[in-house]
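Asks: Handing you this structure, nothing more for now.
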Amino acid sequence: MIDNQWVLTAAHCIIKPYTLADYMVNLGAYQLAVPSGVLAAVSAIYVHPIYQGDGTSGDIALIRLQSPVPYTDYIMNICLPAQDVQFPSGLSCYVTGWGSIKQGVSLPAPQTLQMVQLPIIDQAQCNSMYHINNPSLPASQTLIQWDMICAGFPNGQKDACQGDSGGPLACKWNGSWLLAGLVSWGFGCAIANRPGVYTRVSAYSDWIQQHVAVQATPADISIQNVPNNSTGASSCLTYLLFLLTVFIHIILW
Ligand code: ARG
């Protein structure tokens, strides 16, 4: 959540064609099997126009909620990094999500939100890592694009995984929590030399500001002029599945 009415996710979480009524955002959730938090309806979705599918640039989408959601201890925005913020390699960050606990193993009930601490990996180093033991990948081919940021360990061990997509990679930087990345892609999960790859949010600060500012109400504008605010409760397929389950329960009752 980057504003009381806007949520960021990954472009690949938005399955086209879609209708807005297919989507709801669950804010402040903790255990997916125990409905909690707030369900917010969606009034617009902006998928970044350069996104072309898995592994390509622009894996980012903005979701506008139908009405502003009040902040609580568990529903809070996370600051957006300015365009020029370069997260140093080794900086310790946190990824959260309800995705798989290892490849092919989904998070068991009651599906408690998971978190892992991971260091940032330098972009060129991450690109080189993906070339290790990868004979089919030409040495000159860049996998880690300008708008991607990696986090993890050379020997794997800890990572995001399927179902975590769109979720936040949050880093404490100069005293504030910043949204460094959005879970985007990887090869398997927690495999050596295949770190998790995240959409580099700083690369999209202008694009985000444009959408959020244009549609802000006058009351919002004064708030936005205060240097960026924003915590992450974004989501993906896990949320949608969760919502489906809730609706099915309601229908069966
Ligand atoms: N694309 C996956 C999803 O939709 C996220 C994969 C992240 N993989 C990783 N090894 N970090 O949930």
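Asks: Using the Cα atoms of region 15-137, I'd like the radius of gyration and the largest Cα-Cα distance, Dmax, both in angstrom.
Replies: Computed over the Cα atoms of region 15-137, radius of gyration and Dmax are 17.9, 51 Å.
Asks: Evaluate Rg over Rh across region 123-180, taking Cα atoms for both radii and Kirkwood's formula for Rh.
Replies: 1.02
Asks: If I stretch the segment between A109 and D22 completely, what's the gain in nm (0.36 nm per residue apart, minus their alpha carbon distance), one decimal?
Replies: Gain on extension, A109 to D22, equals 28.9 nm.
Asks: So for D159, D122, D164, D73, fewest C-beta neighbours within 10 Å to most, what's the order?
Replies: Least to most surrounded, the residues fall as D73, D122, D159, D164.
Asks: Can you tell me the FRET efficiency between Q31 and Q125 if r is taken as the Cβ-Cβ distance and R0 is 41 Å, rounded to the nearest 0.05?
Replies: 0.65
Asks: Next question. With the Cα gyration tensor of region 1-84 in hand, convert its eigenvalues to equivalent ellipsoid semi-axes via √(5λ) and list them largest first in whole Å.
Replies: 23, 17, 12
Asks: Something else about it: Viscosity 0.692 mPa s, temperature 37 °C: give me the Stokes-Einstein translational D for region 105-204 in µm²/s, with Rh taken as the Kirkwood radius over C-alpha pairs.
Replies: 231 µm²/s
Asks: Bin all alpha-carbon pair distances of region 103-147 at 5 Å intervals from 0 and give each bin's fraction as a whole percent.
Replies: Going out from 0 Å in 5 Å bins, region 103-147 shows 5, 16, 18, 13, 13, 15, 12, 7, 2, 0 percent.
Asks: Semi-axes, largest first, in whole Å: what does sqrt of 5 times each Cα gyration tensor eigenvalue give for region 58-110? Before the final figure, lay out the partial values.
Replies: Details: eigenvalues 120, 99, 37 Å².
Three semi-axes, in Å: 25, 22, 14.
Rule-based calculations on the coordinates, nothing more; no lab input. Because the structure is predicted, anything quoted here is derived from the model rather than measured. Cβ atoms come from the backbone with ideal geometry, glycine included; neighbour counts cover every protein chain shown.
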